[in-house]
1. Do we have A48 as modelled with pLDDT of 85 or more and of a type in the set (A, V, I, L, M) here?
2. Within segment 1-30, take every residue that is of a type in the set (G, A, S) and at pLDDT 65 or above and give me the one that is farthest from the chain's Cα centre (by Cα).
3. Specify the residue that is modelled with the lowest pLDDT; the eligible residues are those in segment 51-65 that are of a type in the set (A, V, I, L, M, F, W, C) and farther than 15 Å from E30 by Cβ.
4. Kindly indicate the residue of segment 44-65 that is under 9 Å from V32 (Cβ atoms) and of a type in the set (G, A, S) and also surrounded by the fewest Cβ atoms within 10 Å (Cβ to Cβ) among those meeting that condition.
5. Sort out which residues of segment 26-43 are more than 18 Å from K62 (Cβ to Cβ) and of a type outside the set (S, T, N, Q), and write them in order of number.
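The values are calculated or read from the model by the stated rules, or taken from the named source; none is laboratory data. Quick caveat: nothing in here was measured; it's all calculated off a predicted structure. Cβ coordinates were reconstructed from backbone atoms using ideal geometry, including for glycine residues, and neighbour counts include every protein chain displayed.
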Amino acid sequence: MSEGTGDDEWGPHTPDAVLHTGAEELPDPEDVVLASGHDITPERLEQARRLLEEEGAAGVEKLLP
């Protein structure tokens with residue numbers, strides 16, 4: 001991967017060191033609720049916290065298509 005920040009027809013490049021997928025750490029409970037397609041409520045936040053505690057990243061994968 002390139003570490004440059006050069007420009008091309010797409011515009012300036014973002015340095016690879018700045019890019020990340022989020023796989024390095026678990027998402028926040030808010031992110032889990034939003035990924036499930038629901039509005040954030042205290043009850044859903046608690047469900048998301050439990051899901052992350054019990055199943056970690058595997059639990060999040062269940063919510064995604």
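1. Values: modelled with pLDDT of 85 or more: yes; of a type in the set (A, V, I, L, M): yes.
Against the criterion (modelled with pLDDT of 85 or more and of a type in the set (A, V, I, L, M)), A48 qualifies.
2. Looking only at segment 1-30, we keep the residues that are of a type in the set (G, A, S), and these are 2, 4, 6, 11, 17, 22-23.
Among the residues that remain, those that are also at pLDDT 65 or above are: 11, 17, 23.
Values: G11: 25, A17: 17, A23: 7 Å.
Filtering first and then ranking leaves G11.
3. Of everything passing the filter in segment 51-65, L64 is modelled with the lowest pLDDT.
4. Result: G59.
5. As a first pass, look at segment 26-43 and keep what is more than 18 Å from K62 (Cβ to Cβ): 39-43.
Within segment 26-43, D39, I40, P42, E43 meet the criteria.
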